[in-house]
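Since the structure comes first, as structure tokens, the remarks are kept for the end.
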Amino acid sequence: MSWSLLHAKNSELLTLLSQVTHKSFEKIPGVGPKAASIGNAAIYVLAQSEDLEGISHLSRLRMTITQNNTQKLINKYIEAASKARGISPQEIEEMSIPDFGLIEGEKDWNFEEYRLKVKIEGIGKISQTWHKPDGKIQKSVPAFVKNTEEHALRLKKAKAEVKQIQKYVTAQRDRIDRSYLHNRSWSYEAFQKYYVHHGLVSFISKLLVWKVEIDETWHYVYWHTDNWKTLDGRTIDVSSAT
């Protein structure tokens, strides 16, 4: 069944394959992975997806699967995909990260005049708040959402997405943690796209101190009130040359 999904373009199917992979490599004490052959088939299918969504799943799975040979296999597929596009494996990982439609770590799901606000609050911590038509907070799921099949299915999809966001936030924290091993540097244009203004990653990038080069001088900076500040509180101008 996994092999038959080789040309799948459906995001839900790719997410399901990712879950199957994770489950397949859970260890049975004294035995080993539950179903390595199924997991390997799912990894191959994810690697062959036409866009980068499959690669984003592999990037996250690499941090949760402990078997060395499986990590090597995932690395092999990520490197092959990056080589085919003429970029580094680290770049393709950045490009593949979904933003889930988040803006500054937040997203609204509309249910008629009610809305469910999803917000990244911390690593692996996502809040879900219901708002009434007048903007006031409602503590529980509106009755019409639970009792209407269409709304109930939409809510189920929203909750599934929240679980994915939780996993990806943690995975991106870990990916950025190890980026120093590769001595990474970015043009400011790329840094804006994949870090500062990325709907999901911006939550992490704006909590960190970064080192930027302007006119051959290095500065340590952090994001505050929509500007980059030096450690002594001065606003610093950045440009495409940074």
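Can you pull the one-decimal nm distance between simple spin-label points at ASP174 and LYS206, each 7 Å off the Cα toward Cβ?
Each label point lies 7 Å from its Cα, and together they span 2.6 nm.
Sort the following peptides by mean Cβ neighbour count (other Cβ atoms within 10 Å, averaged over residues), highest first: 126-136, 96-106, 151-161.
96-106, 151-161, 126-136
For the chain, how big is Rg over Rh, using alpha carbon atoms and the Kirkwood form of Rh?
1.02
Which of the GluC sites (Glu not before Pro) across the stretch 172-232 are loop residues per DSSP, with 16 or fewer other Cβ within 10 Å?
Of the GluC sites (Glu not before Pro), the ones in loops of the stretch 172-232 whose Cβ has at most 16 other Cβ atoms within 10 Å are GLU216.
What nm value, rounded to one decimal, do you get for the distance between ALA84 and VAL141 when each label is placed 7 Å out toward the C-beta?
Modelled inter-label distance: 3.9 nm.
For each pair in LYS9/LYS146; LYS83/LYS206; LYS119/LYS159; LYS117/LYS163; LYS23/LYS125, compute the distance between the two Cα atoms and list the pairs where it is over 20 Å.
The answer is LYS9/LYS146; LYS83/LYS206; LYS23/LYS125.
What's the carbon and sulfur percent of the stretch 105-233's accessible surface, probe 1.4 angstrom, rounded to a whole number?
The nonpolar share, carbon plus sulfur, comes to 48 percent.
Using +1 at the Cβ of each Lys and Arg and -1 at the Cβ of each Asp and Glu in the chain, identify which of SER140, TRP210, SER239 lies farthest towards the dipole's positive end.
Of SER140, TRP210, SER239, it is SER140.
So what is the accessible area of the chain per residue, in Å², with the probe set to 1.4 Å?
Dividing the accessible area of the chain by its residue count gives 58 Å².
Find the Rg to Rh ratio for the stretch 83-201, where Rh is the Kirkwood radius over alpha-carbon pairs and Rg uses the same atoms.
Over the Cα atoms of the stretch 83-201, Rg/Rh equals 1.08.
Translational diffusion coefficient of the stretch 1-72 at 10 °C, 1.306 mPa s, Stokes-Einstein with Kirkwood Rh over Cα pairs, in µm²/s as a whole number.
Roughly 131 µm²/s, to the nearest whole number.
Once you keep just the Cα pairs under 8 angstrom separated by 6 or more residues, what percentage relative contact order results for the chain?
For the chain, the relative contact order is 12 percent.
If you split all Cα-Cα distances of the stretch 1-129 into 5 Å bins from zero, what percentages do you get per bin, shortest first?
Cα pair-distance distribution for the stretch 1-129, in percent: 2, 10, 18, 18, 18, 13, 11, 7, 3, 1, 0.
Could you grab the relative contact order for the stretch 119-215? Cα pairs under 8 Å, six or more apart, rounded to a whole percent.
Relative contact order here is 22 percent.
Work out the length of the dipole vector of the stretch 46-104 about its Cα centre, built from +1 on the beta-carbon of each Lys and Arg and -1 on the beta-carbon of each Asp and Glu, and round it to the nearest 20 debye.
That gives a dipole near 440 debye.
Any idea how far the Cα center of the stretch 168-242 sits from the one of the stretch 145-167, in Å?
Their Cα centres are 33 Å away from one another.
Could you pull the Rg and Dmax for the stretch 171-242, using just the Cα atoms, both in Å?
Looking at the stretch 171-242, its Cα Rg and Dmax stand at 12.0, 34 Å.
First select every other residue whose beta carbon is under 15 angstrom from the beta carbon of LYS34; then total the charges, Lys and Arg +1, Asp and Glu -1.
Residues near LYS34 contribute +1 overall.
Please give the contour-minus-distance gain from ASN69 to TYR188: 0.36 nm per residue of separation, less the Cα-Cα distance, rounded to one decimal in nm.
39.2 nm
Assign unit charges at the C-beta atoms only (+1 for Lys and Arg, -1 for Asp and Glu), then state the dipole size of the chain relative to its Cα centre in Debye, rounded to the nearest 20.
Dipole of the chain, to the nearest 20 debye: 1060 debye.
List, largest first, the extents of the alpha carbons of the stretch 114-167 along their principal axes, each in whole Å.
That works out to 31, 25, 12 Å along the principal axes.
Can you give the Rg and Dmax of the stretch 48-110 based on its C-alpha atoms, in angstrom?
Expressed in Å, the Cα Rg and Dmax of the stretch 48-110 come to 13.6, 44.
Please report the antiparallel percentage of the DSSP beta bridges confined to the chain, to the nearest 5.
100 percent
The values are calculated or read from the model by the stated rules, or taken from the named source; none is laboratory data. Quantities reported herein were computed from a predicted structural model and do not represent experimental measurements. For neighbour counting, all protein chains shown are included, and Cβ atoms are generated from backbone atoms with ideal geometry for every residue, glycine included. In case anyone asks, the SASA skips ligands and DNA or RNA and just uses the protein heavy atoms, side chains included. Shrake-Rupley method; radii C 1.70, N 1.55, O 1.52, S 1.80 Å.
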